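J.: Before I ask anything, let me first share the structure, which is written out below as structure tokens.
What follows draws every value from the coordinates through simple rules; no lab data is involved. It should be emphasised that the depicted structure is a prediction, and the values quoted were computed from it without experimental measurement. Here the Cβ is made from the backbone with ideal geometry for all residues, glycine too, and neighbour counts use every protein chain on show.
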Amino acid sequence: MSRIHYTGWAIIPANDDPLTQRPYSMNPPMMVTIALDPGASLVAQLKEPPEELTAKVTATGMSAEGQPEAAFRFYAASETGDFRLLDVGAWEVSFVGSDAVFSARISGAAEFLKLIPQGARPLIVNTIDFERE
């Protein structure tokens, strides 16, 4: 698998309307560890999005405990269009040291991918990686 680079990322602290709400500005592609509260979302801008990709979200193991099996919802949008809910395969969770890695196949990716955690507790996210086969 080869890595898909993103050109920027952003947080939407309270994502009231996942289909239309966009970030005000993007951060450089060096993502830092962030806490995603329930109702918040993380948006990544992909350089060259393929139709299908694998998303890997690495979070602290402590914050991952008790998260639902379908840990995230993904939405995609082009530069100008509204977001649309994506078809996500079954989520797999593995543990690497003290971290939990959530991974799933995603179909229908676009330039902007929005990730919304589905748990009732905050999730501490260390990294998000996208890969193509």
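J.: In the Gaussian network model of the chain, springs joining C-alpha atoms below 10 Å, which of Lys56, Lys114, Lys47 carries the largest mean-square fluctuation?
T.: Looking only at Lys56, Lys114, Lys47, the biggest GNM fluctuation is shown by Lys47.
J.: Using a Förster distance of 25 angstrom, determine the FRET efficiency expected from the C-beta separation of Gln118 and Tyr24, and round it to 0.05.
T.: According to the calculation, E is roughly 0.55.
J.: Something else about it: Calculate, in nm to one decimal, what Thr33 and Asp87 gain on full extension: separation in residues at 0.36 nm each, minus their alpha carbon distance.
T.: 16.8 nm
J.: Enumerate the amide H contacts of Ile4 below 5 Å, restricted to partners 5 or more residues apart or on another chain; note that Pro and chain-start residues carry no placed amide H.
T.: Amide H to amide H, under 5 Å and 5 or more residues apart or across chains, Ile4 pairs with Phe130, Glu131, Arg132.
J.: Within a 10 angstrom radius of the beta carbon, how do Asp129, Asp87 rank from fewest other beta carbons to most?
T.: Asp87, Asp129
J.: Okay, moving on. Compute the distance in nm between two label points, each set 7 Å from the Cα along the Cα-to-Cβ direction, one at Glu51 and one at Asp16.
T.: Taking the two extended label points, one gets 3.8 nm.
J.: Multiplying the sequence separation of Glu79 and Thr127 by 0.36 nm and subtracting their Cα-Cα distance, what value in nm do you get?
T.: My answer for the length gained is 14.9 nm.
J.: Springs between alpha-carbon atoms under 10 Å, Gaussian network over the chain: tell me which of Thr58, Thr80, Thr33 tops the mean-square fluctuations.
T.: Result for the chain, Cα springs under 10 Å: Thr80 fluctuates most.
J.: Continuing with this model, one more query. Could you work out which residue, out of Ile12, Ile116, Ile34, moves most in a Gaussian network model of the chain, that is, has the largest mean-square fluctuation with Cα springs under 10 Å?
T.: Ile34
J.: Mean residue ellipticity at 222 nm from the helices of the chain, using -39,500 (n - 2.57) per DSSP H segment of n ≥ 4 over the full residue count, to the nearest 500 deg cm²/dmol?
T.: Taken over the chain, the calculation gives -500 deg cm²/dmol.
J.: Can you give the charge dipole size of the chain about its Cα centre, rounded to the nearest 20 debye, using +1 on the beta carbon of Lys and Arg and -1 on the beta carbon of Asp and Glu?
T.: 180
J.: Same structure, new question: Quick one, what does Rg over Rh come out to for the range 2-132 if you take C-alpha atoms and the Kirkwood Rh?
T.: 0.92
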